[in-house]
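The values are calculated or read from the model by the stated rules, or taken from the named source; none is laboratory data. It should be emphasised that the depicted structure is a prediction, and the values quoted were computed from it without experimental measurement. Using ideal geometry, Cβ is built from the backbone for each residue, glycine included, and neighbour counts are taken over all protein chains shown.
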């Protein structure tokens with residue numbers, strides 16, 4: 001905020017209210033991280049409907065009513081409009097993040113159990129039965145050379161682009 005009050009920055013500002021009001025919207029940026037985390041997790045889990053719901057919840061269900069109501073509450077006036085965004089970031093971000101936590105806990109509880117590390121190490125130490133039954137000549141792992149592509153097997157060339165118009 002000290003930077004915004006410097007003479008270099010003030011030449012671009014026509015109104016001093018920008019310096020006074022700017023901290024209110026920037027306060028909510030921290031809580032947007034919770035929103036983004038929740039939405040990204042839902043998309044990653046294949047639950048895009050929940051991600052879209054929380055996006056619409058924050059912007060339509062919270063911001064719009066707060067933007068209309070807060071200026072008329074007390075002496076907030078124009079500041080009420082600027083305070084609506086950080087409040088929506090707080091409420092929407094926490095709702096999205098908490099829902100994500102409960103969803104992940106539910107998924108992790110229903111996930112199949114992982115075998116203990118000792119059993120996994122024993123299974124890896126046992127030789128493959130199919131490989132052990134093969135003759136020694138078939139057990140070699142030499143790389144096979146593939147034949148080069150001929151004109152008959154090569155992919156056709158893409159069509160030429162039309163000349164650029166000037």
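Side notes on the structure shown:
- Every residue from region 41-66 that is assigned to a helix (DSSP H, G or I) and exposed (fewer than 13 other Cβ atoms within 10 Å of the Cβ): 44, 48, 49, 56, 60, 64, 65
Residues checked against (1) at pLDDT below 60; (2) over 30 Å from residue 46 (Cβ atoms); (3) within 26 Å of the chain's Cα centre (by Cα); (4) not in a loop (DSSP other than H, G, I, E, B):
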| position | (1), (2), (3), (4) |
| --- | --- |
| 75 | no, yes, no, no |
| 119 | no, yes, no, yes |
| 130 | yes, yes, no, yes |
| 142 | yes, yes, no, no |
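- Residue satisfying all of: in region 30-57; modelled with pLDDT under 90 and over 13 Å from the mean Cα position of the chain (by Cα); nearest to residue 98 (Cα to Cα) among these: 31
- Test result for residue 69, touching a helix residue (DSSP H, G or I) at 6+ places or on another chain (Cβ under 8 Å) and either in a helix (DSSP H, G or I) or surrounded by 14 or more Cβ atoms within 10 Å (Cβ to Cβ) (or both): yes
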